[in-house]
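The values are calculated or read from the model by the stated rules, or taken from the named source; none is laboratory data. Everything quoted here is computed from the prediction, not taken from an experiment. Note that each Cβ is placed from the backbone with ideal geometry, even for glycine, and that neighbours are counted across all protein chains shown.
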Amino acid sequence: MREITYAQAVREALAEEMRRDERVFLMGEDIGVYGGAFGVTLGLIDEFGPERVMDTPLSEAAIIGAAAGAAVLGMRPVAEVQFSDFLTIGSDQLVNQAAKMRYMFGGKVRVPMVVRTPAGSGTGAAAQHSQSLETWFMHIPGLKVVAPATPYDAKGLLKSAIRDDNPVVVFEHKLLYKTKGPVPEEDYTVPIGKAAIRREGTDITVIATSVMVLRSLAAADRLAEEGISVEVIDLRSLRPLDTETIVKSVCKTGRAVVVHEANKFAGFGGEIVGTIVESEAFDYLDAPVVRLGGKDVPIPYNPQLERAAVPQEEDIVAACRNLMRQSPRWRARA
Amino acid sequence: MAESMATAARKVDLPPGRLLHMYRQMLRIRKFEEEVDRLYQAGKIWGTFHLYIGQEASAVGAIEALEPGDYITSTHRGHGHSIAKGASIPLMMAELRGKETGYCRGRGGSMHIADVESGNLGANGIVGGGIPIATGAALACKKLGNGRVVMCFFGDGALAQGAFHEAVNFAAVFKLPVVYVCENNQYAMSMPVDRGLGSTDIVIRAAAYGLPGVSVDGNDVLAVYEAAKEAVDRARRGEGPTLIETRTYRWRGHSKSDANRYRTREEIEAWKQRCPIRRFGEYLEGLGLLTAADRERMEREVEAEIQDAIAFAESQPDPDVSQLADGVYA
């Protein structure tokens, strides 16, 4: 299969969905000739024109609200919010309007809209351009939240999001835009709400999203050399959450590490741990569940500080080693 | 008084039947709101609501300038807009009672009444929150080429919200078919306009977006109609948005918690003297279109209509708790 980048995969999803359905259009800041802050929409204006690839004023509330208003009347807008940090500016429209319209109005409207947004740290953009705010939106009934880790999923989940009749927030990680992976040329979708097991293992389940999936897989390679077999689950969707895949895996391994870039404190790792301990997997646990998440600080500028603020491959390796040492059965084996 | 003279002197091209319909619509809103208040006092309606009494000419005058396929977005003070846009009063009453058969299946209540079929894209509990929604609806109308127009209502308090600026600028940039109607009822809850706004010249804001701005007497239904008609026609011609201010006054408190500590009885009484319904009634009498007997008959008919709606709502079932999560997702 051919390999393309994550950014190209997103662009293909947008182009193919616009070709497939004339109700689909894009709105965002500098997405036209400029191609978006990360070049994701580059060239789309040439094929689809400024009516369908709309450069908007710098107005996140208007962008998200206009997407909701257009969606209610049957359009299928895809809004780009230039950095996920700017979701805060438009969050009334997302949280109080788009997410709630259907329920408040007695289930009588559909709000088929997508908000795509680059998230995460690692680019030196500091505290207001590097956050991982997915937990905020996971908390809101009426929204769906996805965070693809691979080019294949970036395309397939975005297509599902565009075809979904609910507001979907797609968190794309900036560090992933240039990563490459196999992506089919024919049409396909990835279902929202289904996790993927990226690597099978028997000792520890590592549950991750987005760029942390790549770091977890790299950590799993190293741990395999030490005889620790790690199963890596890529959640892909955060709301709805595929609790079945998580529980099944932890029942098998008896140990779990949850890794996300968002702040650990009140982050979605707590929700994953809750899912595990409230389920039958609790009886299979051989050790406490471990959470790795962002430190309790704004993302700093200095590259060493920035790196230290979020989980890295070596943190995942260390956490897994510690977990195995704590475990009585493993100690007996050693 | 002088304002009635202004109405009387107006040349209006509406047929008599249409004028009488507008009068009846204002009466329906007034009676509906009076009964809602009474039902609340009687413990039949709970939660909160915001009465439109005193502002009837603003909703009716503006919405009468729309065609049936056009859309509105409304506010937390939205009953008047719903009725003027053609909502079913029994279904509104059922919603206020929290009934399964209400407009929102009892999930929304007063602040979220919506009826997309009649073009009402929803009241809104967030001040200014509907302005971007209306703008997006207008964007859809433009993209769909359906010739429809969106009328977006909000109060003077919403002018201090960022969403107002973002959305109006957005609509101006894309020349969207939307009419922004700022109902200046003089107070954002307890904050008078001259303390809450840097400039009380509300429509001067339009110039900042390159739009026309028109301020009208919001208690003069025909003045509102004329300004709205011009703005709606302009929007339909593809010439973009207009900002209209309707200067009016709410007679009752902001909501149920309001003890009216921030304004005087004299001020309220002075505005009651400018009652939009009485003024329009006198105007119609002056034209020979309405007699005192007609007026009394119409009042009785409206009263009966509202009582029937109350009885309907009373008879309706509550939502089933087992269906709590219905309608979160499509």
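Residues that are farther than 17 Å from A:F86 by Cα and part of a strand (DSSP E or B) within the stretch A:125-145 comprise just one, A:K144. Test B:G238 against the criterion of being on the phi > 0 side of the Ramachandran plot, surrounded by fewer than 19 Cβ atoms within 10 Å (Cβ to Cβ), in contact (Cβ under 8 Å) with a residue 12 or more places away in the chain and of a type in the set (G, A, S), and give yes or no. So B:G238 fits the description; yes. Look at B:L159 and say whether it is under 19 Å from B:Y249 (Cα atoms), aliphatic (A, V, I, L, M) and either more than 13 Å from chain A (Cβ to nearest Cβ) or assigned to a loop (DSSP other than H, G, I, E, B) (or both). Spelling it out, B:L159 is indeed under 19 Å from B:Y249 (Cα atoms), aliphatic (A, V, I, L, M) and either more than 13 Å from chain A (Cβ to nearest Cβ) or assigned to a loop (DSSP other than H, G, I, E, B) (or both). Considering only the stretch A:111-118, I want to know if a residue exists there that is more than 24 Å from A:R76 (Cα to Cα), away from every other protein chain (no Cβ under 14 Å) and buried (at least 24 other Cβ atoms within 10 Å of the Cβ). No: the stretch A:111-118 contains no residue that is more than 24 Å from A:R76 (Cα to Cα), away from every other protein chain (no Cβ under 14 Å) and buried (at least 24 other Cβ atoms within 10 Å of the Cβ).
In the stretch B:1-113, counting only helices (runs of 4 or more DSSP H) that sit wholly within it, the ones holding 3 or more residues that are buried (at least 22 other Cβ atoms within 10 Å of the Cβ) span B:16-41, B:56-63, B:79-84, B:89-96.
Quick grid of which residues meet (1) within 14 Å of chain A (Cβ to nearest Cβ); (2) closer than 21 Å to B:S190 by Cα; (3) touching a residue at least 40 places away in the same chain (Cβ under 8 Å):
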| site | (1), (2), (3) |
| --- | --- |
| B:R30 | no, no, yes |
| B:Q41 | no, no, no |
| B:K44 | no, no, yes |
| B:F49 | no, yes, yes |
| B:Q55 | no, yes, yes |
| B:I63 | no, no, yes |
| B:H81 | no, no, yes |
| B:K85 | no, no, no |
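Number of residues in the stretch A:1-25 that are under 20 Å from the mean Cα position of the chain (by Cα) and hydrophobic (A, V, I, L, M, F, W, C) equals 6. For the stretch A:195-210, does any single residue satisfy the condition of being within 14 Å of chain B (Cβ to nearest Cβ) and assigned to a loop (DSSP other than H, G, I, E, B)? There is no residue in the stretch A:195-210 that is within 14 Å of chain B (Cβ to nearest Cβ) and assigned to a loop (DSSP other than H, G, I, E, B).
Taking A:L285 as the residue in question, decide whether it is hydrophobic (A, V, I, L, M, F, W, C), surrounded by fewer than 19 Cβ atoms within 10 Å (Cβ to Cβ) and either more than 22 Å from A:G193 (Cα to Cα) or touching a Leu at 6+ places or on another chain (Cβ under 9 Å) (or both). Answer is yes for this residue. Of all the criteria given as (1) more than 13 Å from chain B (Cβ to nearest Cβ); (2) in a loop (DSSP other than H, G, I, E, B); (3) surrounded by fewer than 24 Cβ atoms within 10 Å (Cβ to Cβ), the one not satisfied by A:P148 is (3).
Could you grab me the full set of residues in the stretch B:189-228 that are surrounded by 19 or more Cβ atoms within 10 Å (Cβ to Cβ) and in a helix (DSSP H, G or I)? Matches in the stretch B:189-228: B:V193, B:R205, B:A206, B:V221, B:L222, B:A223, B:V224, B:Y225, B:E226, B:A227, B:A228.
A quick yes/no check of all residues on (1) among the small types (G, A, S); (2) assigned by TED's automatic domain parsing to the domain that holds A:V78; (3) at pLDDT below 95:
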position	(1), (2), (3)
A:S160	yes, yes, no
A:R163	no, yes, no
A:V169	no, yes, no
A:E172	no, yes, no
A:D187	no, no, no
A:V190	no, no, no
A:G201	yes, no, no
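Among the residues of the stretch B:265-282, is any touching a strand residue (DSSP E or B) at 6+ places or on another chain (Cβ under 9 Å) and either more than 22 Å from B:T248 (Cβ to Cβ) or within 14 Å of chain A (Cβ to nearest Cβ) (or both)? Within the stretch B:265-282, not a single residue is touching a strand residue (DSSP E or B) at 6+ places or on another chain (Cβ under 9 Å) and either more than 22 Å from B:T248 (Cβ to Cβ) or within 14 Å of chain A (Cβ to nearest Cβ) (or both). Can we say B:G147 is assigned to a loop (DSSP other than H, G, I, E, B), surrounded by fewer than 23 Cβ atoms within 10 Å (Cβ to Cβ) and modelled with pLDDT of 95 or more? So B:G147 passes the test. Total residues in the stretch B:113-133 satisfying the condition of being at the interface with chain A (Cβ under 7 Å from one of its Cβ atoms) and over 18 Å from B:T48 (Cβ atoms): the figure is 4.
Can we say A:G69 is part of a helix (DSSP H, G or I) and of a type outside the set (A, V, I, L, M, F, W, C)? When the stated conditions are applied, A:G69 passes them.
Residues that are basic (K, R) and in a helix (DSSP H, G or I) within the stretch A:84-124 comprise just one, A:R102.
Using the structure shown, decide if B:E166 is in contact (Cβ under 8 Å) with a residue 12 or more places away in the chain, more than 14 Å from chain A (Cβ to nearest Cβ), of a type in the set (D, E) and assigned to a helix (DSSP H, G or I). When the stated conditions are applied, B:E166 does not pass them. More than 8 Å from chain B (Cβ to nearest Cβ), surrounded by fewer than 20 Cβ atoms within 10 Å (Cβ to Cβ) and assigned to a loop (DSSP other than H, G, I, E, B): is that true of A:G39 in this structure? Judged against the criteria, A:G39 is a match. Close Cβ contacts (under 9 Å, 6 or more residues apart or on different chains) running from residues in the stretch A:66-81 that are within 10 Å of A:V115 (Cβ to Cβ) and modelled with pLDDT under 95 to residues that are crowded, with 24+ Cβ neighbours inside 10 Å and among the hydroxyl-bearing types (S, T, Y) are absent.
Across the stretch A:42-79, the number of residues qualifying as more than 8 Å from chain B (Cβ to nearest Cβ) and surrounded by fewer than 24 Cβ atoms within 10 Å (Cβ to Cβ) comes to 13. Provide a single number: the residues in the stretch A:157-167 that are in contact with a helix residue (DSSP H, G or I) (Cβ under 8 Å, 6 or more places away or on another chain), closer than 17 Å to A:M18 by Cα and surrounded by 24 or more Cβ atoms within 10 Å (Cβ to Cβ). So the count comes out to 2. In this structure, A:I31 does satisfy being more than 14 Å from every other protein chain (Cβ to nearest Cβ), in contact with an Asp or Glu (Cβ under 6 Å, 6 or more places away or on another chain) and farther than 20 Å from A:V109 by Cβ. Any residue in the stretch B:177-188 that is within 12 Å of chain A (Cβ to nearest Cβ), touching a residue at least 24 places away in the same chain (Cβ under 8 Å), of a type outside the set (A, V, I, L, M) and surrounded by fewer than 24 Cβ atoms within 10 Å (Cβ to Cβ)? Checking the stretch B:177-188: not a single residue is within 12 Å of chain A (Cβ to nearest Cβ), touching a residue at least 24 places away in the same chain (Cβ under 8 Å), of a type outside the set (A, V, I, L, M) and surrounded by fewer than 24 Cβ atoms within 10 Å (Cβ to Cβ). Which condition from (1) facing chain B (nearest Cβ under 8 Å); (2) of a type outside the set (D, E, K, R); (3) crowded, with 20+ Cβ neighbours inside 10 Å is the one that A:N96 breaks? Checking A:N96 against (1) facing chain B (nearest Cβ under 8 Å); (2) of a type outside the set (D, E, K, R); (3) crowded, with 20+ Cβ neighbours inside 10 Å, the one that fails is (3).
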